[in-house]
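Taking it in order: structure first as structure tokens, then the write-up.
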Amino acid sequence: MEAKGYTRDGTVDLHGRPVLATKTGKWKACAFLVGYEAFERMSFYGIASNLVNYLTTQLHEDTVSSVRNVNNWSGSVWMTPILGAYIADSYMGRFWTFTVSSLIYVMGMVLLTTVVSLKSLKPTCINGVCNKASTSQISLFYLALYTIAIGAGGTKPNISTFGADQFDDFNPHEKELKVSFFNWWMFSSFLGALFATLGLVYIQENLGWGLGYGIPTVGLLLSLFIFYIGTPIYRHKVRKTKSPTRDLMQVPIAAFKNRKLQLPNDPSELYEFELQHYTSSGKRQVHHTPIFRFLDKAAIKDGNLDASSINSPCTVTQVEAAKLVLGMMLIWLVTLIPSTIWAQINTLFVKQGTTLDRSLGPDFQIPAASLGSFVTLSMLIAVPMYDRYFVPFMRQRTGNSRGITLLQRLGTGFVIQVIAIAVAYAVEVRRIHVIKVNHIVGPKQVVPMSIFWLLPQYILLGVADVFNAIGLLEFFYDQSPEDMQSLGTTFFTSGIGVGNFLNSFLVTMVDKITGTDGGKSWIGNNLNASHLDYYYGFLLVISCINLGVFLWASSKYIYKKEIVEDKECCVAMEVKALDKSPLGLQV
């Protein structure tokens, strides 16, 4: 936008009018958004962290069924954002997709609170003997859960990207502010998770499930009210492509049709619009990169250069968008094992803790699951330290406004995570040694070893997540094609979902393989007679292999390079990851 005072990235208000840079966006707009994220995460973790307990104690499901149902629901919550992001990028935009989805989310929470509060919607117990839940009781409960999953599909990928949209990439000052956005965004998320694991779980088990679900429901409604108060100062990205997904799919189809054609030696001979075309349309031209050259065949000129023709070749910018998605898919694949390691926090780490000495004084025992709060606490401490000390220190050394590149951040997190699982393996080896020395064989016998031996692995995973979770969210937003940033964010959420499914698969397969023919399962019901150390050793090996694959993929990855028109000179090239080198792990 040329007019003085307006944002340069073409953002508009809710009615489609240009907005003033001084009166809209930035942190004053994001302040209305972070509250919603905190309450939404509190709601999600308030359900997820104690769902197995509700299914087994209130609906009287068996252990195997309850674990399977929890995994299916959690996976759905993390996978539905793919659909929500597609709808936002292709049809409704982020704000309206979030609006509709948040209402569905609240409806699910209200229904869930109602179901767990009314006695008629829960199985009855007479003299300690409880009936199984009826079909209608089960149906209503899962209807509420999956209504929440559908709502989360439209809120999760769009609220964070909508927050990032409040900063103008063309404004150097705002671009620098945006560097800290995802750090503090996740900080608010961690706060919500901490309250859920420390407060809501206790309320649910001691004061009632209805109150335990009712509190986050009311909080969610309040946060939505606050969110809409900020509507006048929000910035909205204008959708510049009718169907970015369709444009993306044209590239491999065109490349396949032209597979027998010879690529020109000079990339400038490939089909591309003039820079003025992108400037006038408010889009960004993307610089050609040498990776995935087979896709370049989609941009071979064939003599028909009518842009309105359905047979016209794809542009270089269009081809580069497809390359970005393919490159992000490679990085996404190497995040699945780290997501699997993360899944141990609420599963095997807890089961490991139940066998240890949990006494804290003569009359109080620490719940094994409560150690998960140390993951969140370590995150809450590490995020401000990372943002206020680590980034400025590294910025002086590297000249990178982020301190280190996005892939360097991920790599650091993966290394810390490998150390964490190595520590978990070492602690388990010691636990088994103590078991042998004390001749412990019973599943309910307490191992004379403090549960606080597990603290290092929890804390290390929390610190690793400051690098991993925030780094992944920022990476997929930053490197996504211009019109697909909501969909790009779903690479982050879907990775967590697939990681949960992968963890269930690994545990099931390892148990079946090691427990066949009368063998001792590594993960048996009696953990004091199992070999959990072998399983942790297995996770350590595949984590090390995965780290090696990540280093290889990072060395091949080339960050997005956009060409923008500069008023003071002619053309300026902007590397979106703020990395001066083409290699992801170089400084």
Notebook entry, point to check: Can you tell me which of VAL350, VAL316, VAL325, VAL334 is modelled with pLDDT of 75 or more, of a type in the set (A, V, I, L, M, F, W, C) and in contact with an Asp or Glu (Cβ under 7 Å, 6 or more places away or on another chain)?
Noted result: VAL316
Notebook entry, point to check: Is it true that LEU59 is crowded, with 19+ Cβ neighbours inside 10 Å, outside any helix (DSSP H, G or I) and more than 22 Å from the chain's Cα centre (by Cα)?
Noted result: yes
Check: Listed residues LEU111, LEU83; which is open to solvent by 70 Å² or more (accessible area, probe 1.4 Å), assigned to a helix (DSSP H, G or I) and modelled with pLDDT of 85 or more?
Finding: LEU83
Notebook entry, point to check: Of the residues that make up segment 491-499, is at least one closer than 19 Å to VAL350 by Cβ, touching a helix residue (DSSP H, G or I) at 6+ places or on another chain (Cβ under 9 Å) and either at pLDDT 80 or above or open to solvent by 30 Å² or more (accessible area, probe 1.4 Å) (or both)?
Noted result: yes
Notebook entry, point to check: Any residue in segment 203-215 that is of a type in the set (Phe, Trp, Tyr) and either open to solvent by less than 20 Å² (accessible area, probe 1.4 Å) or within 16 Å of PHE98 (Cβ to Cβ) (or both)?
Noted result: yes
Next item on the list: Could you please let me know if TYR234 is modelled with pLDDT of 90 or more, surrounded by 21 or more Cβ atoms within 10 Å (Cβ to Cβ) and touching a helix residue (DSSP H, G or I) at 6+ places or on another chain (Cβ under 8 Å)?
Entry: yes
Note to self: Testing ILE523 on (1) β-branched (Val, Ile, Thr); (2) part of a helix (DSSP H, G or I); (3) open to solvent by less than 40 Å² (accessible area, probe 1.4 Å); (4) at pLDDT below 85, one condition comes back false. Which one is that?
What the structure shows: (2)
Note to self: Six or more apart or on different chains, Cβ atoms under 7 Å: show the pairs whose first residue is in segment 191-218 and farther than 28 Å from GLY462 by Cβ and whose second is surrounded by fewer than 19 Cβ atoms within 10 Å (Cβ to Cβ) and hydroxyl-bearing (Ser, Thr, Tyr).
What the structure shows: GLY210/SER117
Notebook entry, point to check: What tally of residues in segment 118-138 results from selecting those that are at pLDDT below 80 and assigned to a helix (DSSP H, G or I)?
Noted result: 1
Check: Is it the case that some residue within segment 257-274 is at pLDDT 80 or above, acidic (Asp, Glu), open to solvent by 80 Å² or more (accessible area, probe 1.4 Å) and over 23 Å from ASP483 (Cβ atoms)?
Finding: yes
Check: Conditions: (1) more than 28 Å from LEU200 (Cβ to Cβ); (2) at pLDDT below 85; (3) in contact with a helix residue (DSSP H, G or I) (Cβ under 8 Å, 6 or more places away or on another chain); (4) of a type in the set (Asp, Glu). ASP13 meets all but one. Number of the miss?
Finding: (2)
Next item on the list: Would you check which residues across segment 310-328 are outside any helix (DSSP H, G or I) and either on the phi > 0 side of the Ramachandran plot or surrounded by 18 or more Cβ atoms within 10 Å (Cβ to Cβ) (or both) and list them?
Entry: PRO313, CYS314, THR315
Next item on the list: Can you tell me which residue within segment 364-398, out of those that are of a type in the set (S, T, N, Q) and in a helix (DSSP H, G or I), is farthest from the chain's Cα centre (by Cα)?
Entry: GLN396
Check: Can you list the helices (runs of 4 or more DSSP H) found entirely within segment 139-229 that contain at least 1 residues being among the basic types (Lys, Arg)?
Finding: 172-195
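Rundown of residues vs (1) in contact with a Phe, Trp or Tyr (Cβ under 8 Å, 6 or more places away or on another chain); (2) in contact (Cβ under 8 Å) with a residue 60 or more places away in the chain, yes/no style:
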| residue | (1), (2) |
| --- | --- |
| TYR105 | no, yes |
| SER117 | yes, yes |
| LYS132 | no, yes |
| SER139 | no, no |
| LEU143 | no, no |
| TYR146 | yes, yes |
Check: Which residues, taken from segment 329-363, are surrounded by fewer than 20 Cβ atoms within 10 Å (Cβ to Cβ), part of a loop (DSSP other than H, G, I, E, B) and in contact (Cβ under 8 Å) with a residue 40 or more places away in the chain?
Finding: THR347, ARG358
Checklist line | Members of segment 137-172 found to be open to solvent by 10 Å² or more (accessible area, probe 1.4 Å) and out of contact with any strand residue (DSSP E or B) (no Cβ under 9 Å at 6 or more places or on another chain), listed by number | finding: GLN137, ILE138, SER139, LEU140, TYR142, LEU143, TYR146, THR147, ILE150, LYS156, ASN171, PRO172
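The values are calculated or read from the model by the stated rules, or taken from the named source; none is laboratory data. It should be emphasised that the depicted structure is a prediction, and the values quoted were computed from it without experimental measurement. Cβ sites come from the backbone with ideal geometry, for glycine too, and all protein chains shown count toward neighbours. Heads up: the accessible areas ignore ligands, DNA and RNA and are worked out on the full protein's heavy atoms, side chains in. Shrake-Rupley method; radii C 1.70, N 1.55, O 1.52, S 1.80 Å.
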